[in-house]
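Read through the structure below, which is laid out as structure tokens, and then see the notes.
The values are calculated or read from the model by the stated rules, or taken from the named source; none is laboratory data. Predicted model, so just to flag it, every value in this text is computed and none were measured. Every residue, glycine as well, gets a Cβ built from its backbone with ideal geometry; the counts of neighbours run over all protein chains shown.
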């Protein structure tokens, strides 16, 4: 019974950590799958040259990068696999669920970006369809450009 009670306490601590930081962690404390925002609220208003738009920075890298556009139709999946290098999936339309390791799936939507480290096992599913820009490179630091998604006390992401 002690191990069960200890695990429940760890689950509560991890959930509180996620609610506060937006970072999902394994039971052993490793950082896994991070979810960031690039919605208009996280961007900057641009007015130079008579412009009127919001620019949300996503990433910059000094290394070679592969950039692609992923189209997942309704009820499709990117199967459970290991990231061969750091990967950033920026959802531009639709919504889905992502998971890392043995963790439960987390809902993500347009305006959010999911980051997986090299070697991290992960999966993406959608019931309604989604389109995402996927960036893969040996050096990616999305935390330098986007705020981490947080969850309010009612469980809504912001």
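What to note about this one:
- Flag if residue 147 is touching a strand residue (DSSP E or B) at 6+ places or on another chain (Cβ under 7 Å) and closer than 14 Å to residue 35 by Cβ: yes
- Entry remark, segment 35-74: residues being over 18 Å from the mean Cα position of the chain (by Cα) and free of Cβ contacts under 8 Å to residues at least 24 places away in the same chain number 12 in total.
- Annotation: residue 154 fulfils all but one of (1) modelled with pLDDT of 95 or more; (2) assigned to a loop (DSSP other than H, G, I, E, B); (3) closer than 30 Å to residue 45 by Cα; the unmet one is (1).
- For segment 75-98, a residue qualifies if it is crowded, with 19+ Cβ neighbours inside 10 Å and in contact with a strand residue (DSSP E or B) (Cβ under 6 Å, 6 or more places away or on another chain), and the qualifying residues are 87, 88, 89, 90, 91, 94, 96, 98.
- For segment 103-140, residues that are assigned to a loop (DSSP other than H, G, I, E, B) and either touching a residue at least 24 places away in the same chain (Cβ under 8 Å) or touching a strand residue (DSSP E or B) at 6+ places or on another chain (Cβ under 6 Å) (or both) total 14.
- Some residue of segment 7-22 being surrounded by 15 or more Cβ atoms within 10 Å (Cβ to Cβ), part of a loop (DSSP other than H, G, I, E, B) and modelled with pLDDT of 50 or more: yes
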